[in-house]
Each structure stands twice: as C-alpha cells, then as structure tokens.
Amino acid sequence: MSDGLPATLHLKVVTPRRLLVEADVEAVFLPTLEGQIGVFPGHRPLFVGIGKGRLVYRENGGEDSVMVRGGYAQVQPEKVVVMTEAGEDESSGGAAA
C-alpha cells in the first residue's frame, strides 16, 4: 500500500548551542505562536513561528518531548526542522560549557 507519502518525518531540533533531537518520527506537535499544531508525514510545506512550550513527538509507538522557547519551524512533507532559542536544559544559565 504505497500512496507516495513518506512513512515517517525526519525531525531535527537545534539551538545555537547544540542539536537537541534528531530522529525519524511518526508525528510532531509544535507549540506555535497561534497554538499547537500536529504535523504528520506528507504535511504541506509550512514556515511557522514557535512559542514557549513543549514540543512532543511520537517515535516507535511512544511519545517523547522537549521544552522549547521561541524560534521557527520549517515543515516539509518528509521533514521538520525546528530552530529554537533554548531547550529545557539550556535555560537555567548553568556553568556547563
């Protein structure tokens, strides 16, 4: 049953400091400035502003998430790239380098 749509999305979440997430996922739920949206394989191209909140993704039948704070997401039918200001472990201002 091949209808031409990809089975998964390649998700990449990056901050200015590091790569937070890189995985092939079944779905991504983004906290946009207009509210949460769900992105599935084959989604039409979209460029959207990201707000503060939890980015949730489904991978191998389970869910995982990462906290994001602002930025942008580029959605393509086969991938989602999120450029965000900081992830949950980068917002504390700790001494980690």
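The values are calculated or read from the model by the stated rules, or taken from the named source; none is laboratory data. What you see is a predicted model, and the numbers here were worked out from it, not measured in a lab. Cβ atoms come from the backbone with ideal geometry, glycine included; neighbour counts cover every protein chain shown.
The table below lists the values:
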| quantity | calculated |
| --- | --- |
| Filter result (over 20 Å from G51 (Cα atoms) and β-branched (V, I, T)) within the stretch 7-22 | T8 |
| G38 vs. criteria more than 25 Å from L5 (Cβ to Cβ) and at pLDDT 95 or above | no |
| Scan of the stretch 37-64 for residues that are surrounded by 12 or more Cβ atoms within 10 Å (Cβ to Cβ) and hydrophobic (A, V, I, L, M, F, W, C), ordered by number | I37, V39, F40, L46, V48, I50, L55, V56 |
